[in-house]
Each structure stands twice: as C-alpha cells, then as structure tokens.
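One structure is given below, encoded as structure tokens.
No value in this document is a laboratory result; all are computed from the given coordinates. On a predicted model such as this, the values are computed, not experimentally measured, just so you know. Note that we place each Cβ from the backbone using ideal geometry, even for glycine, and neighbour counts take in every protein chain shown.
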Amino acid sequence: GAGVSQSPSNKVTEKGKDVELRCDPISGHTALYWYRQRLGQGLEFLIYFQGNSAPDKSGLPSDRFSAERTGESVSTLTIQRTQQEDSAVYLCAKTGLADYLGTDTQYFGPGTRLTVL
Amino acid sequence: ILNVEQSPQSLHVQEGDSTNFTCSFPSSNFYALHWYRWETAKSPEALFVMTLNGDEKKKGRISATLNTKEGYSYLYIKGSQPEDSATYLCAFEGGGSEKLVFGKGTKLTVNP
C-alpha cells in the first residue's frame, strides 16, 4: 500500500481484553487516518492526525477507543475492554501525491482484521 | 450526516461482460469523488479522483463519469476479467474537509 504497514494482520481476542493496533506510514507523512469496516458496512472514519494539530477524534465510537501518534511516524490505535461489535477490519491511511492520478489521494495499509470472541 | 450510496451491493458477471455501477453522494459542498478498488487480502487502491462536473476518467478497461449537479458517478468496466473481481468503493470529499466519506462498496465477481 505505497508505504503503509500495519500490524498485526490478524488479531483474535476475548471480549473484555485490550488490544493495540499499529500503523507505520514508513516514509512519514503529516496526515494519517484510521478507518474500520465492520461486516456489511462501509469504511467508517475513526480518527485523523495532521502534523502538530490536535487530532480529529470525531469518528471514535466510544471512549474505549483512543489513538496516539508520535510526530510523523507510527500511530497506535488502542481499544480497551473490547466488545464483539468492535470486530472489524481496521485500516490506516496516509495522504500522498499519486502521479498517475495527478492529485493527492489516500494510500491504505493492508489492515488488521480484529475478531472479538 | 453525509450519505454516500453505492449500488448494486454485489454483482456477478461472466468474463467478457461489460458492467457498471453507481455511486450517489451529496450535491452540495462537493470537492472531489474518489474511486477505490479493494481486492481481498490487499489494500484499497485508488483508481480515480474526480473533481469537475462532467469529468470522465479512464484507466485501461475501467472508466468513470461524474455529475456533481445531481450527485452521482458511474464506474464502467469493459470486457470484465476475473482479475477485476474486487470491491469497488467510492468516497465523497467535501469542501474544507480532509475526511473521506465512503459508500459500502459494490462487490464484483467475474466468473471465468
């Protein structure tokens, strides 16, 4: 995904446990997004980091969700006391210029598939 | 709440068929419309970013049109191949917002 890695690729956890999902934009970039896709739903915006500005957390579904980012590098999405409805594919994306498009677009990582039992 | 709708939800076609699907989005405060292809076990990949009313984009056998006044975009695939099998997502970008609002996608399966 044009320089975005995520880990783990799959995570199975028990209800009530905490999980941490990691995103590395590799080359570094000011703008970084987290999304999730639950079964049968569209990609849902969670949180957005832009440089040194305060992150836009308007998409976080509850206070069990939080995310951090250090500078222009790695971001961690933490879900506390996981619930079954948290099961989803969690995607991280960064913005970048796509020469073949002639404009900026979002480059996505491969995602983390989270399953809460 | 912004609503981006895609139809159909899923589509099965035979190899060689041409097909198209629709994305509808708010006609106000439009900035750009993005199309992505998401193959299983891979990252979503940007196909097109469209900004102007009447815009048409083409990449190989795939093309897209845009009508910002009525709030819809069509994606066309000519002569579908099995490797075109994927979920096709559209995303609305409003003026002044860096966030994309995605539709639920159209899952295309091309049978050999």
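Quick notes on this structure:
- For region B:1-63, applying the loop criterion from DSSP together with a ceiling of 14 other beta carbons within 10 Å to the trypsin sites (Lys or Arg not before Pro) yields B:K42, B:R61.
- The dipole here belongs to the protein assembly as shown: it is taken about the Cα centre, uses +1 on the Cβ of Lys and Arg and -1 on the Cβ of Asp and Glu, and is about 300 debye.
- Hypothetical label at B:K59: residues of region A:78-117 whose amide nitrogen lies under 14 Å (7 Å Cα-Cβ projection): A:96-108
- At R0 = 22 Å, FRET efficiency that the Cβ-Cβ distance of B:E5 and A:Q50 yields, to 0.05: 0.20
- With the charge dipole of the protein assembly as shown set up from +1 on Lys and Arg Cβ and -1 on Asp and Glu Cβ about the Cα centre, the Cα lying farthest toward the positive end among the listed residues A:V116, B:V49, B:G60 is that of A:V116.
- Applying 1/(1 + (r/R0)^6) with r as the Cβ-Cβ distance of A:L101 and A:L39 and R0 = 41 angstrom yields a FRET efficiency of 0.85.
- Listing B:W38, A:W34 from fewest to most neighbouring C-beta atoms within 10 Å gives B:W38, A:W34.
- Checked against a 27 Å cut-off, the cross-linked pairs A:K11/B:K107; B:K58/B:K107; B:K42/B:K99; B:K58/B:K104; A:K15/A:K57; A:K11/B:K58 give Cα-Cα distances beyond that limit for A:K11/B:K58.
- Loop-located GluC sites (Glu not before Pro) in region B:58-109 (DSSP state not H, G, I, E or B) with no more than 11 neighbouring Cβ atoms inside 10 Å: B:E70.
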